[in-house]
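What follows is one structure encoded as structure tokens, with my remarks underneath.
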Amino acid sequence: MGQVTPPARPVVLVVEDEPLQRLMAVDLVEDAGFDVVDVASAAEAVLVLESRPDIRVVFTDVDMPGGLDGMRFAATIRDRWPPIELIIVSGKRRPQADEMPARGVFFAKPYKKHEITAAMRRMVG
């Protein structure tokens, strides 16, 4: 019998400019059983999305330096990569319902790990 290749684990892209917050988010995603790619800015994230068709979920902070904040970045994802699911977090501001992209889910910081894990698992089915 040939070897059976295990199914690939879903890949989550973490976008967070604060190194400690990014490390905590990466740990959360890995602990939930997903593969993770992490970057410090929306600009870097766009480059990853352009080269990685396996990204299933983007976990992004709202407040990031540079020209593209998390909300505009999420809108860009919804326009360019509609199948990708979105988890948006912030410790500073809560987006209004009309600012949220379709199927985007918001969590205020400090978020509860089990809630994020449950949302990711629902998103990848």
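Structure data summary
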item	result
Qualifying positions in segment 42-52 - among the small types (G, A, S) and under 12 Å from the mean Cα position of the chain (by Cα)	A42, A45
Cross-chain or 6+ apart pairs with Cβ under 8 Å, segment 39-65 first and at pLDDT below 95, then small (G, A, S) and loosely packed, with under 15 Cβ neighbours inside 10 Å	S41/G66; A42/G66; A43/G66; A43/G67; D63/G91
Residue count, segment 42-76 (criterion: of a type outside the set (K, R), in contact with a Pro (Cβ under 7 Å, 6 or more places away or on another chain) and open to solvent by 20 Å² or more (accessible area, probe 1.4 Å))	1
Any hit, segment 105-116, residues being open to solvent by less than 20 Å² (accessible area, probe 1.4 Å) and within 19 Å of F34 (Cα to Cα)	yes
Residue among R103, R56 that is closer than 12 Å to V14 by Cα, within 13 Å of the chain's Cα centre (by Cα) and of a type in the set (K, R)	R56
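The values are calculated or read from the model by the stated rules, or taken from the named source; none is laboratory data. These figures come from a predicted structure and were not determined experimentally. Every residue, glycine as well, gets a Cβ built from its backbone with ideal geometry; the counts of neighbours run over all protein chains shown. Ligands, DNA and RNA are excluded from the accessible area calculation, which covers all protein heavy atoms including side chains. Shrake-Rupley method; radii C 1.70, N 1.55, O 1.52, S 1.80 Å.
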